[in-house]
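One structure is given here, and the rest of the page talks about it.
Since every read-out is calculated from the coordinates, none of them should be taken as a lab result. Small disclaimer: the values here were computed from a predicted structure and weren't measured. Here Cβ is always computed from backbone atoms with ideal geometry, including for glycine, and neighbour counts include all displayed protein chains.
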Amino acid sequence: MKGLIALLALLPLLASAEVYRWQDAEGNWHFGDQPPQEQHEKIDIKAPPKLGQGERVREINQRTLRLRESEESRRQEQADRERKEQDAQARKCREARARLKRLQGRFVYRDDEGNITHPTMDKVRADQDEVRQWMQKNCSP
């Protein structure tokens, strides 16, 4: 058994050497690089394939590369969506600030037909409070 383990450990080194095996009178197997006196057989040892070789390894590498590219594309799309959402929110906040500024100065109310109306001060304060609350909730200072 020890001989077999040693042989397996040395396989890469022995790839080009001749290896022989034989069985002694007690039934134990032996391995060596010199042919013994006893009856023996020559073992054909093939070198293990080099890492990175073979169609299966190339296929796995290509699949891994495609997955990485797909994940990067997904991340980029997510970042683009988030940036667009942030830009839209920033635009809404600018519009709210401008509306609040208008509500604090001289302005006129117009109804749906475009006619000028005269709101009460309570209506103006309620509109100002509504804009401020929306800004507190949705806009950074």
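Details
- Total residues in region 42-63, condition surrounded by 11 or more Cβ atoms within 10 Å (Cβ to Cβ), assigned to a strand (DSSP E or B) and among the charged types (D, E, K, R): 0
- Of Gln136, Gln89, all but one fail to be surrounded by fewer than 10 Cβ atoms within 10 Å (Cβ to Cβ) and either in a helix (DSSP H, G or I) or of a type in the set (Asp, Glu) (or both); the exception is Gln136.
- Yes/no for Arg66 being assigned to a helix (DSSP H, G or I), loosely packed, with under 11 Cβ neighbours inside 10 Å, without any contact (Cβ under 8 Å) to a residue 12 or more places away in the chain and within 29 Å of the chain's Cα centre (by Cα): yes
- Scanning region 99-128 for residues that are basic (Lys, Arg) and not in a loop (DSSP other than H, G, I, E, B) yields Arg99, Lys101, Arg102, Arg110, Lys123, Arg125.
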